[in-house]
1. Once each part is reduced to its C-alpha centroid, what is the distance from region A:158-201 to region A:1-80 in angstrom?
2. Could you work out, residue by residue across B:66-78, how many beta carbons of other chains sit within 10 Å of that residue's beta carbon, and then give the average as an integer?
3. Let me have the relative contact order for region A:150-201, percent, based on Cα pairs under 8 Å that are six or more residues apart.
4. At 10 °C and 1.306 mPa s, grab the translational diffusion coefficient of region A:70-121 from Stokes-Einstein with a Kirkwood Rh over Cα pairs, rounded to a whole number in µm² per second.
5. Starting from the Cα-Cα distance between residue A:7 and residue A:266, subtract it from 0.36 nm times their residue separation and give me the gain in nm to one decimal.
6. For chain B, place one equal point scatterer on every Cα, skip the solvent, and apply the Debye formula. What is log10 of I(q)/I(0) at q = 0.09, 0.18 Å⁻¹?
7. Taking 8 Å as the Cα distance limit and 6 or more residues as the minimum spacing, I'd like the relative contact order of chain A as a percentage.
8. Give me the mean projected area, in nm² to one decimal, of the convex hull enclosing the Cα positions of region A:44-176.
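Taken together, the values in this text are just the output of simple stated rules run on the coordinates, not laboratory data. Everything numeric in this text was worked out from a predicted model, so none of it was measured. Because the Cβ atoms are built from the backbone with ideal geometry, glycine has one as well, and the counts that use them run over all protein chains shown.
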């Protein structure tokens, strides 16, 4: 039996992160972990209270292997195993994550930024006053547009097309919504876009890329926004939610009842154990606040760039938002 | 009839297996412990019932929830124990994940169905007993 202790003496290196507006402290024995999480690091302020903790011990004796991740949970704990030998424990009650990992994983920036942190925010988010919502998000000058819909509705493809229509991308898949003083903010994590293989016919930049197996076993392109020359924004204030549906007929946009939108998001939220009823209630409250925005139903036909053009014009006309021109800046 | 748009709804599957029904409960007593044992696997409850004394009620000193998980891979690798001040996490390959909450005296575990016959009694239970012994 190999034993790892994660007490303070074993993890002397400290760093502070801000992820989706939440402060976190990282304790580790390896500067490589801190470096890999550098995207979210903030200057060290010892007095700053943290909202969640990440404790990671790096052991050079651990050797990772290729294996699909797996996730299990019960009560206050969620377990995630990666690379066969690395397990992360998420403690919902204490709002912390702890793990022992290999040296290879410690320096695997893609793992921390595109896998571990998004999973951590999905699992711990409701404990931190965040509501993870399955929705793409774009913005212009801070004004946000959420794109929701069932899997396969085309959120990512349309979001990518909108982002090439002069909107900034907050997220193509999940947002983490927070509410403070009556204001709702949609946070993204800046993870790569995930596009289905057929997206290559619409975006030339994908033709030189290879789709690969993603975390859920789907074959998909996972590509940094920069490669598509897409501007990325960290957050925005949502103005409206657009629910996508593919159509064989004409594209059209119609108002959608807020109650229908609420039901959609509440229904798709992962149930929490009874001991976290307060967090579930808070999440529900945030969903209601988000869906207090205008809700629209967009049935779209034709290629994504055409759908994006229609939606972009609609957003501009209804909400009077447009990108500041270069000369105005 | 209303023409208002409706949305297709999809409930998230219980990917974490958080809400698996656990119909088998036993209260066991070994030399040092009263254990409230909960599982979805009747064979496990029966096996434990044969090796320990079944209590006739009373207060359990420790709660142990073990889920027999047919979807976990039947891999029992090297045991790894990761310890914080109040929690011990034990893993044996990808087929066995167990946490011991020392503060609240609670064990929660997922074990691949294929491991319950061999590794469970030969490797996993002794490791758990060692952790529990350290809690006295």
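1. Taking the Cα centre of region A:1-80 as reference, the centre of region A:158-201 is 26 Å away.
2. Working: counts 0, 2, 0, 2, 0, 2, 3, 5, 0, 2, 0, 3, 4.
What the average comes to for B:66-78 is 2.
3. Details: 43 pairs, mean separation 16.9, N = 52.
Relative contact order for region A:150-201 comes out at 32 percent.
4. Details: Rh = 11.4 Å.
The estimated diffusion coefficient comes to 139 µm²/s.
5. Values: separation 259, 0.36 × 259 = 93.24 nm, distance 3.84 nm.
Fully extending the segment from residue A:7 to residue A:266 adds 89.4 nm.
6. Log10 I(q)/I(0), no solvent term: -0.31, -1.05.
7. Value for chain A: 15 percent.
8. Numbers: hull surface 42.8 nm².
Average of the hull's projected areas for region A:44-176 equals 10.7 nm².
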